[in-house]
Structures are given as C-alpha cells and as structure tokens.
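Below is one structure; the comments refer to it alone.
The values are calculated or read from the model by the stated rules, or taken from the named source; none is laboratory data. Not measured: the values here are computed from a predicted model. Virtual Cβ from ideal backbone geometry, glycine too; neighbours counted across all protein chains shown. We work out accessible area using only protein heavy atoms, side chains counted, and drop any ligands, DNA or RNA first. Shrake-Rupley method; radii C 1.70, N 1.55, O 1.52, S 1.80 Å.
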Amino acid sequence: MLTRIDHIGIACHDLDTTVEFYRSTYGFEVFHTEVNEEQGVREAMLRINGTSDGGSSYIQLLQPVRKDSTVATWLAKNGEGVHHIAFGTADVDGDAQSIRSKGVRVLYDTPKTGSMGSRITFLHPKDCHGVLTELVTSATEH
C-alpha cells in the first residue's frame with residue numbers, strides 16, 4: 001500500500017546552483033547527497049518533513065553525470081523541471097506486482113538500489129497520465 005509522497009524528483013543542469021536556490025528561497029537544507037553511477041546522476045535530497053509511518057518527504061535534485069543517462073536525455077528534451085513523483089511503500093515488490101496486474105508497465109522487473117539505500121522501481125509515464133512515477137521502499141523499511 002502506498003503510504004506517502006516520498007519525493008518529487010527535479011532534473012537540473014547544475015546541482016550546486018539549484019541546491020542554493022532551494023536553500024535560500026525556501027530554507028530547505030541538504031539531508032543527503034550521493035552519486036548513483038547506475039542511474040548516471042549526482043543527487044541531493046532536501047528533507048521537507050517526517051511522517052507518522054517513519055518515512056519522510058523530500059525534494060530530490062538530479063544532475064546527470066553522463067550524457068547517456070535517462071535524466072540527461074530528459075533534460076535535453078524538456079529542460080529543467082519536475083522529472084518524476086515517488087510514492088513510499090513498505091513493499092515495493094508487492095505494490096509493483098499489484099500495479100502491473102492492473103495493466104501498468106513497471107520499468108524494472110527487479111527493484112534497483114536508489115537514494116540512501118532504498119529499493120525502487122518506476123512506472124511507465126504513458127500508463128500514468130504522462131507522469132513518470134517511482135515506487136520507493138526506504139532502507140529503514142526493508
């Protein structure tokens with residue numbers, strides 16, 4: 001069962017400049033940074049709040065580190081902006097299977113490693129009214 005909005009992913013050309021905008025404009029501070037080589041991105045997670053189920057909500061800023069990454073391709077086509085929305089779940093495998101059974105294409109057969117050791121998969125945007133949707137089980141939940 002999906003329990004919260006885990007994060008909103010925002011693609012950007014310059015992570016440091018974008019982080020500074022969110023810090024100086026909204027007061028959001030960086031909670032975590034990492035480079036995800038598999039996905040070809042450098043990212044910063046800005047924690048917005050905690051939730052009653054132990055999870056949190058974040059803004060995830062994504063800067064491509066390779067020209068062949070999906071975020072780089074997306075940026076070239078669309079420019080900076082909202083890339084995806086992610087819903088938190090205690091069971092990414094079970095929820096992905098359930099959603100797949102309803103005719104929605106799940107992009108990974110087996111969830112991959114995401115930010116902060118989470119387990120993730122994505123749903124095809126054409127099956128989700130144009131929205132790239134991510135399912136996330138945080139590391140503390142699995």
Original post:
How many of the residues making up the range 102-125 are among the charged types (D, E, K, R) and without any contact (Cβ under 8 Å) to a residue 12 or more places away in the chain?
Top reply: 2
Subject >> Test set (1) more than 21 Å from Val41 (Cβ to Cβ); (2) within 16 Å of the chain's Cα centre (by Cα) - Leu135 fails condition number >> reply: (1)
Subject >> Failed condition for Val65, given (1) touching a residue at least 40 places away in the same chain (Cβ under 8 Å); (2) hydrophobic (A, V, I, L, M, F, W, C); (3) open to solvent by 60 Å² or more (accessible area, probe 1.4 Å) >> reply: (1)
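So which residues in the range 92-124 are at positive phi and not in a loop (DSSP other than H, G, I, E, B), if there are any at all? Break it down into steps so the answer makes sense when it comes.
The initial filter retains those residues of the range 92-124 that are at positive phi, namely 103, 116-117.
Met116, Gly117, listed by residue number.
Which one of these is surrounded by 19 or more Cβ atoms within 10 Å (Cβ to Cβ) and closer than 21 Å to Asp14 by Cα: Ala96, Ala44, Ala76? Walk me through it before giving the result.
Working: Ala96 fails: closer than 21 Å to Asp14 by Cα; Ala76 fails: surrounded by 19 or more Cβ atoms within 10 Å (Cβ to Cβ).
Being surrounded by 19 or more Cβ atoms within 10 Å (Cβ to Cβ) and closer than 21 Å to Asp14 by Cα holds for just one of Ala96, Ala44, Ala76, which is Ala44.
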Original post:
In the range 22-43, how many are free of Cβ contacts under 8 Å to residues at least 12 places away in the same chain and among the small types (Gly, Ala, Ser)?
Top reply: 2
Original post:
Only one of (1) modelled with pLDDT under 95; (2) within 19 Å of His129 (Cβ to Cβ); (3) hydrophobic (A, V, I, L, M, F, W, C) is not met by Ile48, so which one is it?
Top reply: (2)
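Would you mind finding the one in Val71, Val82, Val35, Val19 that is open to solvent by less than 20 Å² (accessible area, probe 1.4 Å), at pLDDT 95 or above and either over 17 Å from the mean Cα position of the chain (by Cα) or not aromatic (Phe, Trp, Tyr) (or both)?
Details: Val82 fails: open to solvent by less than 20 Å² (accessible area, probe 1.4 Å); Val35 fails: open to solvent by less than 20 Å² (accessible area, probe 1.4 Å); Val19 fails: open to solvent by less than 20 Å² (accessible area, probe 1.4 Å).
Val71 is the lone residue from the list that is open to solvent by less than 20 Å² (accessible area, probe 1.4 Å), at pLDDT 95 or above and either over 17 Å from the mean Cα position of the chain (by Cα) or not aromatic (Phe, Trp, Tyr) (or both).
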Subject >> the range 107-123: number of residues that are crowded, with 19+ Cβ neighbours inside 10 Å and either more than 12 Å from the chain's Cα centre (by Cα) or modelled with pLDDT of 95 or more (or both) >> reply: 6
**OP:** Would you mind telling me which numbered condition in (1) surrounded by fewer than 16 Cβ atoms within 10 Å (Cβ to Cβ); (2) more than 26 Å from Asp14 (Cα to Cα) Gly88 fails?
**Re:** (1)
